[in-house]
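The structure appears below as structure tokens.
The values are calculated or read from the model by the stated rules, or taken from the named source; none is laboratory data. Since the model is a prediction, treat every value here as computed from it, not as a measurement. Here Cβ is always computed from backbone atoms with ideal geometry, including for glycine, and neighbour counts include all displayed protein chains. Calculation scope for accessible area: heavy atoms of the full protein, side chains included, ligands and nucleic acids excluded. Shrake-Rupley method; radii C 1.70, N 1.55, O 1.52, S 1.80 Å.
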Amino acid sequence: MRPSPTRLRLALASAAALASVAAVAAPAGAADVPAAAANPPTASAPKTAYVDVAVATVWTSPDSPRPVDKPALTDPVRPRQWLADMTLAQKRDLTSSNITQTQALYGRRVRILDSEGDWYKVAVPQQATPKNPLGYPGWIPKNQLTRDPSYGRALDARPVVQVDRATTTWLYGDASRHRKKLQISAGTRLPELARTRGAVLVGTPDDKPAWVSARDVHIRPSADAIPTPTGADVVTYAKSFLHTPYVWGGRSGFGLDCSGFTSSVYQTLGLDIPRDAQAQAREGGGRPVAVSDLRPGDLLFYAHDDGSIYHVALYVGDGRMIEAYDAATPVRITEARLDGDYWGARRFLEG
């Protein structure tokens with residue numbers, strides 16, 4: 001049977017995209033060179049891997065996970081099941097026992113620092129921290145990472161598809177978006193391979209292209225091409241996470257902690273600030289802001305008596321703020337607390 005014109009166009013688009021990826025993955029003269037030889041590791045440069053699950057939790061050590069954390073250790077991960085399985089006490093234990101550090105989204109690079117059994121110690125670039133100049137450090141199960149360099153080359157060479165119109169969305173096995181493959185988070189960035197009117201074909205770390213709804217993404221020439229946001233842009237985007245669960249170390253549309261919320265909102269809108277509240281307040285740049293001059297998009301910080309920062313929220317205007325507060329409370333808008341433990345505010349936006 002002859003294919004319909006629509007199916008033929010999709011097939012040709014997919015074939016052209018895959019050929020383009022192959023060209024990126026195997027530049028002229030390298031076709032017969034093994035991957036390890038074409039991209040040899042150096043003694044001074046950590047090896048690179050890519051997150052191959054919807055969101056990889058970065059653990060304090062390989063011994064940190066508890067039995068209840070199993071849904072966050074598998075491939076695929078089950079982040080919603082993980083949160084549903086935990087009691088409130090177990091969620092709070094993530095914080096009090098310092099079990100988790102941060103999270104890395106599907107397709108993101110990590111640098112491998114060490115290996116122990118079924119685990120890699122990694123640094124997560126674009127999550128700045130005083131803990132490591134390469135990025136936020138911690139441990140990820142090896143089964144949640146891939147080391148395919150062809151994906152990395154496509155990520156560098158092709159336009160970037162970023163999920164930023166939904167807190168989570170699906171990757172599909174077909175352009176008509178009937179066969180769900182993987183639910184991914186806001187902030188996920190993948191290389192564009194082709195597009196139709198309603199869907200975009202993206203490269204993935206497992207080397208199996210997938211489709212995503214065009215309504216849930218923006219396509220940019222690169223991450224550097226994301227337009228500089230206004231305070232109103234930041235507030236509008238931050239509000240899309242209302243009612244998202246709190247989870248210590250969380251940095252995805254499945255769950256967030258206070259500084260994971262603020263740093264991921266800013267990063268998705270094109271501005272990288274440090275991962276943690278302490279570093280955002282003291283080492284992230286920006287400008288101090290008086291209470292009388294607060295504007296939408298400013299960050300509000302809270303400190304213990306010894307001056308250590310323990311919380312950050314985002315000012316939305318009219319004396320209110322949005323925050324990921326604690327394990328008992330999802331992302332919420334509340335009155336801005338400008339007394340007591342209030343430490344001060346910083347502005348990272350222009351103007």
* To do: Set Lys and Arg Cβ to +1 and Asp and Glu Cβ to -1, take the dipole of the chain about its Cα centre, and tell me which of Y136, T146, V212 lies farthest positive.
  => V212
* Dipole magnitude (debye, nearest 20) for the stretch 85-151, charges at Cβ of Lys, Arg, Asp, Glu -> 240
* Structure fact -> Expressed as a percent, the portion of alpha-carbon pairs in the chain spaced more than 37 Å apart is 20
* Structure fact -> Expressed per residue, the solvent accessible area of the stretch 40-103 in Å² (1.4 Å probe) is about 47
* Lys/Arg +1, Asp/Glu -1 at C-beta; the chain dipole; positive extreme among Q101, A72, Q90 -> A72
* Show the residues, 5+ positions off or on another chain, whose built amide H is closer than 5 Å to the amide H of A54. => V77
* To do: Using a 10 Å Cβ count of at most 14 others and DSSP loop calls, identify the longest part of the chain lacking such trypsin sites (Lys or Arg not before Pro).
  => 1-178
* Structure fact -> Links exceeding 24 Å between C-alpha atoms in this model, out of K47/K142; K142/K208; K131/K239, come to K131/K239
* For the chain, give the percent of accessible area contributed by carbon and sulfur heavy atoms, probe 1.4 Å, rounded to a whole number. => 52
* Asked: Accessible surface of D52 in the full protein assembly, 1.4 angstrom probe, to the nearest 10 Å²?
  -> 30
* Structure fact -> Full extension between N98 and K239 adds, at 0.36 nm per residue less the Cα distance, a length in nm of 48.0 nm
* Asked: If Lys and Arg each add +1 and Asp and Glu each add -1, what is the summed charge of the other residues whose beta carbon sits under 15 Å from the beta carbon of T48?
  -> +4
* Structure fact -> In debye to the nearest 20, the charge dipole size for the chain, taken about the Cα centre with +1 at each Lys and Arg Cβ and -1 at each Asp and Glu Cβ, equals 1440
